[in-house]
Amino acid sequence: MRVLMTGGGTAGHINPALAIAKSIQKAYPDTEFLFVGADGKMETRLVPAAGFPIKTMKVQGFYRKITPRNLVRNVGTVVHMLTASHVSAGILREFQPDIAIGTGGYVCGPILRKALKMDIPVLVHEANALPGITVKTLAREGATVLLCSEDAQKHLPEGVHSIVTGNPLRPEFLHTPTPEKKRAARAALGVDDRPLILSFGGSLGAARINEAMIGVLERSRKIGKLQHIHGVGKAGFKQAVATLKQKEIPLNENGISVREYIDDMPRCMAAADLIISRCGAMTLSEIPAAGKPAILIPSPYVAENHQYHNAMTLVRHGAALCIEEKDLTADSLWEAILSVTEHPDKLAQMAENAEKLAIRDADERILAVVRDTLKL
């Protein structure tokens with residue numbers, strides 16, 4: 001079997017593609033894979049590191065803000081689109097895949113559209129609750145869409161073929177949370193019985209979340225009823241440390257742990273009572289798998305405001321609260337934290353609601369679609 005995988009630009013597109021490929025490889029060890037990515041993007045590093053071959057092409061998105069510079073860039077985008085179609089045809093003729101699977105990013109459009117025209121079965125995985133323009137277009141042209149949740153189906157055009165599979169998760173999140181696992185995680189982190197708040201804004205960080213959380217830590221330190229693990233992120237770490245020092249807030253003392261990066265996220269999630277985060281697709285799949293309530297702060301700087309729609313999936317099911325960034329202050333975040341942590345019954349109900357949304361067998365569901373598509 002020959003499988004063409006495509007997706008890239010961000011880890012949120014690349015990691016699901018790698019997870020799907022590894023699942024197929026485990027079930028069918030003789031499968032030949034070829035990844036197609038964007039020239040110069042992070043997939044050119046991550047895919048070979050995972051042991052898969054990759055070919056690249058030059059692609060880029062349109063710049064929506066109208067400026068002279070962006071108009072020139074958009075002319076380049078059109079040129080790349082035309083070139084990518086020709087390159088895609090050559091890759092497909094040479095590799096001759098039995099199936100093509102995409103996970104998002106600008107590179108997916110030309111290669112998967114060309115695959116459909118060549119009568120190659122196409123699956124496209126949508127990790128977000130709001131399917132993007134490329135996914136909707138491919139669906140109309142005959143691709144099968146693999147969705148993260150049932151809520152995402154209402155955003156697709158009528159009559160397209162879609163299946164809810166969930167998002168592939170890291171192995172550490174594939175086990176049902178238990179009180180024993182929570183106690184073990186808390187013991188390993190050295191936290192006591194006070195409620196533990198885990199907060200982060202991504203690997204680079206989010207300035208507004210960091211600003212609000214510093215205010216929260218200042219209040220929390222005075223009261224002493226809560227514990228915190230906060231991941232600042234690389235971009236704002238030096239500034240955050242300076243501000244914390246000025247406010248005499250310790251980086252690691254009396255239940256407060258402020259880090260540049262949280263490199264043991266599964267353990268920290270297992271130990272936490274409440275999570276504060278952005279609303280990336282994979283994070284919002286990991287939080288239900290960990291069975292945790294959340295306060296979600298969508299990034300307003302993403303395409304089609306899709307993080308807000310991701311957050312609403314959890315909010316509508318009573319698993320999370322949402323604070324839009326325009327409304328985010330230390331006061332609003334502190335009040336939201338207390339509205340949950342001071343009511344154990346509410347905290348427990350939100351956790352239960354979150355776990356009901358968890359899909360831990362996404363790999364198996366996606367593999368089943370591949371088998372069904374190829375009549376294996």
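Every number in this text was worked out from the coordinates using simple rules, so none of it is lab data. Please read these numbers as outputs of a predicted model, since none were measured by experiment. Note that each Cβ is placed from the backbone with ideal geometry, even for glycine, and that neighbours are counted across all protein chains shown.
Taking Lys and Arg as +1 and Asp and Glu as -1, the other residues whose beta-carbon sits under 15 Å from that of A290 total +2. In angstrom, the C-alpha Rg and Dmax of segment 155-300 are 16.6, 59.
Given the C-alpha atoms of segment 1-61, compute the convex hull and give its volume per residue in Å³. Let's see the in-between values first.
Values: hull volume 4.2 nm³, N = 61.
In segment 1-61, the Cα convex hull volume per residue is 69 Å³.
Residues in segment 303-314 carry Karplus couplings, in order, of 4, 6, 6, 5, 5, 4, 5, 4, 4, 5, 4, 6 Hz; the curve used is 6.51 cos²θ - 1.76 cosθ + 1.60 with θ = phi - 60°, and Gly or Pro positions show x.
Under a Cβ-only charge scheme (Lys and Arg +1, Asp and Glu -1), can you give me the dipole magnitude of segment 150-248 about the Cα centre, in debye to the nearest 20? Working shown, then result.
Details: 16 positive and 10 negative charges, 123 e Å.
Once rounded to the nearest 20, the dipole reads 580 debye.
First check a/c for segment 275-376, with a ≥ b ≥ c the square roots of the eigenvalues of its C-alpha gyration tensor; if it is under 1.5, answer rounded, and if not, answer prolate when a/b is larger than b/c or oblate otherwise. Walk me through the numbers on the way to the answer.
Working: a/c = 3.75, a/b = 1.69, b/c = 2.22.
Here segment 275-376 falls in the oblate category.
Give the Debye-formula value of log10 I(q)/I(0) at each listed q (0.07, 0.08, 0.13, 0.15 Å⁻¹), with one equal scatterer per alpha carbon of the chain, two decimals each. The calculated log intensity ratios at q = 0.07, 0.08, 0.13, 0.15 Å⁻¹ are -0.34, -0.44, -1.06, -1.29.
Over the chain, DSSP H runs of length four or greater, each weighted -39,500 (n - 2.57), average out per residue to a 222 nm ellipticity of -14500 deg cm²/dmol.
Indicate, rounded to the nearest 5 percent, the antiparallel portion of the DSSP beta bridges found entirely in segment 172-356. All intermediate terms of the calculation are to be shown ahead of the outcome.
Values: 2 of 20 bridges.
Within segment 172-356, antiparallel bridges account for around 10 percent of the total.
To one decimal place, what Kirkwood hydrodynamic radius in Å is obtained for segment 226-346 from all pairs of distinct Cα atoms? Before the final figure, lay out each step's value.
On the way: mean 1/r = 0.0649 Å⁻¹.
By the Kirkwood definition, the hydrodynamic radius is 15.4 Å.
Taking the longest Cα principal axis of the chain as reference, the axis of helix 207-223 is set at about 30 degrees. Between helix 68-95 and the chain, what is the angle of the helix's C-alpha long axis to the longest principal axis, kept within 0 to 90° and rounded to the nearest 10? Helix 68-95 sits roughly 60 degrees off the main axis of the chain. Look at where the Cα atoms of segment 148-217 and of segment 293-320 average out, and the two centres are 12 Å apart.
Rounded to the nearest 10 degrees, what's the angle between the helix 108-117 long axis and the longest principal axis of the chain, both from Cα atoms, 0 to 90? Approximately 30 degrees, to the nearest 10.
If you take the beta carbon distance between R365 and M42 as r and set R0 to 22 Å, what does 1/(1 + (r/R0)^6) give as a FRET efficiency, to the nearest 0.05? Could you put the intermediate results ahead of the total?
On the way: r = 26 Å, r/R0 = 1.20.
Computed FRET efficiency for R365 and M42: 0.25.
By count of other Cβ within 10 Å, fewest leading, how are V191, V232 ordered?
Fewest-to-most Cβ neighbours within 10 Å comes out as V191, V232.
Label zone (E352, point 7 Å along Cα-to-C-beta; backbone nitrogen cut-off 18 Å) within segment 284-314: 288-294.
Across all C-alpha atoms in segment 85-223, the radius of gyration and Dmax reach 21.8, 66 Å. Summarising the label geometry, the points placed 7 Å from Cα in the beta-carbon direction at S339 and Y261 lie 3.4 nm from one another.
Counting every other Cβ atom within 10 Å of each residue's Cβ, E253, E325 order from fewest to most as E253, E325. Charge dipole of the chain (Cα centre as origin; +1 on each Lys and Arg Cβ, -1 on each Asp and Glu Cβ, all else neutral): 900 debye, rounded to the nearest 20.
Give me the dipole magnitude in Debye, nearest 20, for segment 168-307 about the Cα centre, with unit charges on the beta carbon: positive for Lys and Arg, negative for Asp and Glu. Present the calculation step by step, with values, prior to reporting the outcome.
Values: 19 positive and 14 negative charges, 53 e Å.
In debye, rounded to 20, segment 168-307 gives about 260.
Label positions at R194 and E150, each projected 7 Å from the Cα along the C-beta direction, are separated by 4.0 nm. From least to most packed, judged by other beta carbons within 10 angstrom and beginning with the fewest, D263, D345 follow the order D345, D263. Projecting the Cα atoms of A271, G201, S332 onto the charge dipole of the chain, computed from C-beta unit charges around the Cα centre, puts G201 farthest toward the positive end.
How big is the antiparallel share of DSSP beta bridges in the chain, given as a percent to the nearest 5?
Details: 2 of 43 bridges.
Approximately 5 percent, going by the DSSP bridge assignments.
Gain in length, Q25 to E141, computed as 0.36 nm per residue apart minus the alpha-carbon separation, to one decimal in nm? Could you put the intermediate results ahead of the total?
Details: separation 116, 0.36 × 116 = 41.76 nm, distance 2.78 nm.
Extra length available between Q25 and E141 comes to 39.0 nm.
With the simple spin-label model, which puts each label point 7 Å out from Cα in the Cβ direction, the T10 to E158 separation comes to 3.1 nm. Near the amide H of V191, within less than 5 Å, lie no amide hydrogens of residues on another chain or at least 5 residues away, with H placed in the peptide plane.
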